[in-house]
Amino acid sequence: MTEELYTVIRSRRKTLALEIRNGKLTVRAPLWATRADILRFVEEKRGWIEKHLRESREKAAEAAVTPKLTAGELRLLAEKALQFIPERVRFWAPVVGVTYGRITIRNQRTRWGSCSAKGNLNFNCLLMLTPPEVIDSVIVHELCHRKEMNHSSRFYAEVCRVFPDYDRWNRWLKKNGRAILNRME
């Protein structure tokens, strides 16, 4: 793979790393890494790079042809989410064994939900375009952050204890979620 096919960003990091965004490859390198070190690293990772560049370009092409939601459609999804999601949070919170603060519905391009240190919950209105089990899996995920504010094995053990089908619906979201998020303008 020739050098003009990627960008090198040097920093005080300790290891070489690859990043693919929007169909472009970036090599993150320590200040001490030589040009030969970087070329060898890129060549060793050629298979991974080619696979992920292809996937990234396919996703970009898919995003370009995905019909976008209008402001009115987003508003309707947000209204629907405001009716549905708080009701499901009220159902799941005692099952998880936690309390929570404010619930906010947002139009987000990258996140399905989040939980603040104060226990405030945010959910993406685009969840309303997913199956109800996906919505429940995201709600349980965020509520479990009230017990573990990380993504440790203990955190995921708690999520799966409460919602045994979590892995199945999380895979669904990973497979289909990008196409849904691409519907945002």
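Laboratory data are not the source of any read-out in this text; all were calculated from the coordinates shown. Please read all numbers here as calculations on a predicted model, not as lab measurements. Every residue, glycine as well, gets a Cβ built from its backbone with ideal geometry; the counts of neighbours run over all protein chains shown.
In segment 54-74, of all residues being touching a helix residue (DSSP H, G or I) at 6+ places or on another chain (Cβ under 9 Å) and assigned to a helix (DSSP H, G or I), the one that is nearest to Asn107 (Cα to Cα) corresponds to Leu74. Take the conditions touching an Asp or Glu at 6+ places or on another chain (Cβ under 8 Å) and closer than 30 Å to Ile103 by Cβ and apply them to Leu74. Does it pass? No; evaluated as a whole, the condition is false for this residue. State the number of residues belonging to segment 18-34 that are exposed (fewer than 14 other Cβ atoms within 10 Å of the Cβ) and of a type in the set (Gly, Ala, Ser). Of the residues in that region, 0 qualify. When Arg109, Arg178, Arg168, Arg146 are checked against the criterion of being within 29 Å of Ala64 (Cα to Cα), of a type in the set (Lys, Arg) and outside any helix (DSSP H, G or I), a single residue qualifies: Arg109. Can you work out which of the residues in segment 101-130 that are surrounded by 19 or more Cβ atoms within 10 Å (Cβ to Cβ) and touching a Cys at 6+ places or on another chain (Cβ under 8 Å) is farthest from Met184 (Cα to Cα)? Among them, the one singled out is Leu121.
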